[in-house]
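The values are calculated or read from the model by the stated rules, or taken from the named source; none is laboratory data. Predicted model, so just to flag it, every value in this text is computed and none were measured. Glycine gets a Cβ as well: all are built from the backbone with ideal geometry, and neighbour counts include every protein chain shown.
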Amino acid sequence: MLKNFIGTLGFSGRFLGKATAAALLVASVSAYAAEPLRVAADPVPHAEILAYVQKIDPSLNLKVIEVLNGINPNELLVSGDVDANYFQHLPYLQLQEKALGVKLAVAATVHIEPLGVYSSKYKRFADVPQNATVAIPNNESNLSRVLYLLRDQGLITLKPGFDDPAKNLATPKDIADNPKHLKILEVESPQIPRSLPDVDLAVINGNYALEAGLEPAKDALGLEKVAGNPYANIVVTTEKLAKDPRILQLAKDLQSPEVAKFITEKYHGSVLPVAHTDNGS
């Protein structure tokens with residue numbers, strides 16, 4: 001950037017004095033830092049959390065881009081349309097890196113949205129009948145996450161060797177026992193809340209549950225365990241921008257006690273800051 005800046009003056013940098021060159025460098029870096037940091041985010045809770053960051057740290061010039069269903073924020077990042085994104089967990093990122101043929105950088109680990117099992121027909125798992133239909137996310141990482149959740153709720157068992165959701169991705173083929181003969185319907189994640197009246201059970205990501213007016217901590221029949229959960233939501237950027245001062249400041253803000261308090265108080269246990277869970281809560 002400095003080279004381009006000097007070039008616009010019409011003479012070579014070798015004729016500049018050291019003090020002048022240093023001043024130009026400072027001006028150039030300052031101008032770069034003043035550029036808005038473009039962050040793609042899901043509307044809830046991610047964009048809401050970023051809006052709070054803007055409130056408590058006005059020196060950080062954020063441009064939050066709320067992504068619509070069907071838009072891949074990782075593709076936006078790779079193409080240079082945004083500088084970072086905030087919507088995903090690490091297992092999903094790893095699959096995306098493989099699919100896109102890139103290596104991205106995790107800038108911050110912020111919060112967990114416990115995955116929940118919901119029903120508009122039943123109040124207890126014991127009431128769920130034989131051959132009940134279960135709508136679950138159809139992407140690879142969340143599908144595996146769902147199967148571990150159904151296992152933890154006693155609805156299915158998985159084959160031996162499927163003990164660590166961070167290391168072993170499960171598929172329906174890895175179900176060892178399905179005593180209620182649940183019929184699994186794979187659905188696009190954002191569409192699952194709409195399907196809730198038409199199925200017996202629905203497993204819904206925390207952000208989509210909140211967008212649909214559900215309160216996971218209150219409305220779910222069963223919630224994902226938080227302790228040891230590998231699905232914390234992260235801020236992702238490119239390796240080139242990983243040390244950018246704006247990225248570092250955003251990471252510091254998102255992992256601050258102020259933001260942890262905001263998340264805890266606003267979402268009432270439906271979204272949990274990682275700092276909260278690290279204390280064993």
Margin query: Can you find a residue that is crowded, with 19+ Cβ neighbours inside 10 Å and at pLDDT below 95 anywhere in region 256-270?
Written below: yes
Checklist line | Which listed residue is surrounded by fewer than 16 Cβ atoms within 10 Å (Cβ to Cβ), modelled with pLDDT of 95 or more and at negative phi, from Tyr118, Tyr122 | finding: Tyr122
Check: Hey, does region 175-189 have a residue that's of a type in the set (D, E, K, R) and under 18 Å from the mean Cα position of the chain (by Cα)?
Finding: yes
Next item on the list: Please enumerate the residues belonging to region 158-208 that are among the hydroxyl-bearing types (Ser, Thr, Tyr) and surrounded by 14 or more Cβ atoms within 10 Å (Cβ to Cβ).
Entry: Ser189, Ser195, Tyr208
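This table checks each residue for (1) in contact with a helix residue (DSSP H, G or I) (Cβ under 7 Å, 6 or more places away or on another chain); (2) assigned by TED's automatic domain parsing to the domain that holds Pro58; (3) outside any helix (DSSP H, G or I).
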{"residue": "Pro179", "(1), (2), (3)": "no, no, yes"}
{"residue": "Pro190", "(1), (2), (3)": "yes, no, no"}
{"residue": "Arg194", "(1), (2), (3)": "no, no, no"}
{"residue": "Ala217", "(1), (2), (3)": "no, no, no"}
{"residue": "Ile234", "(1), (2), (3)": "yes, yes, yes"}
{"residue": "Arg246", "(1), (2), (3)": "yes, yes, no"}
{"residue": "Ala260", "(1), (2), (3)": "yes, yes, no"}
{"residue": "Glu265", "(1), (2), (3)": "no, yes, no"}
Notebook entry, point to check: Is it fair to say Asn142 is of a type outside the set (Asp, Glu), assigned to a loop (DSSP other than H, G, I, E, B) and either touching a residue at least 12 places away in the same chain (Cβ under 8 Å) or out of contact with any helix residue (DSSP H, G or I) (no Cβ under 7 Å at 6 or more places or on another chain) (or both)?
Noted result: no
Note to self: Cβ-Cβ distance below 6 Å, separation of 6 or more or different chains: which pairs start in region 230-259 with a residue that is of a type outside the set (Phe, Trp, Tyr) and end on one that is assigned to a loop (DSSP other than H, G, I, E, B) and at pLDDT 95 or above?
What the structure shows: Leu241/Asp83; Ile247/Leu241; Gln249/Leu60; Asp253/Asp57
Check: In region 163-178, which residues are without any contact (Cβ under 8 Å) to a residue 24 or more places away in the chain and farther than 20 Å from Tyr231 by Cα?
Finding: Lys173, Ala176, Asp177, Asn178
Next item on the list: Out of the residues in region 129-157 that are among the hydroxyl-bearing types (Ser, Thr, Tyr) and more than 18 Å from the chain's Cα centre (by Cα), state the one that is surrounded by the most Cβ atoms within 10 Å (Cβ to Cβ).
Entry: Tyr148
